[in-house]
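Read the structure below first, then the notes.
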Amino acid sequence: MPRCRQEKTGRPRVIGSAEPATLRRLVGDGVSITEAARTLTIGRSTAYGVPVER
């Protein structure tokens, strides 16, 4: 039986919709990405995957 087009497959997202904006704000304020990831309790690799102006 084919899957519905609306059904998502794969691993669920780690971060919610508000966390990328918070990460960008923290990095914009001069906090390192590592410290910002620790503050948001997400992994460094997840934080580096978010497009941020450094």
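The values are calculated or read from the model by the stated rules, or taken from the named source; none is laboratory data. Worth saying up front: this structure is predicted, and the values here are computed from it rather than measured. A quick note on method: Cβ atoms are made from the backbone with ideal geometry, for glycine too, and the neighbour counts reach across all protein chains shown.
Points to keep in mind about this one:
- Residue match in segment 28-39 (condition: modelled with pLDDT under 90 and over 13 Å from the mean Cα position of the chain (by Cα)): no
- Checked against (1) surrounded by fewer than 16 Cβ atoms within 10 Å (Cβ to Cβ); (2) β-branched (Val, Ile, Thr); (3) touching a helix residue (DSSP H, G or I) at 6+ places or on another chain (Cβ under 9 Å), residue 41 meets all criteria but (3).
- Cβ-Cβ under 6 Å pairs, at least 6 apart or on other chains, segment 23-37 side outside any helix (DSSP H, G or I), far side surrounded by 13 or more Cβ atoms within 10 Å (Cβ to Cβ) and not polar (S, T, N, Q): none
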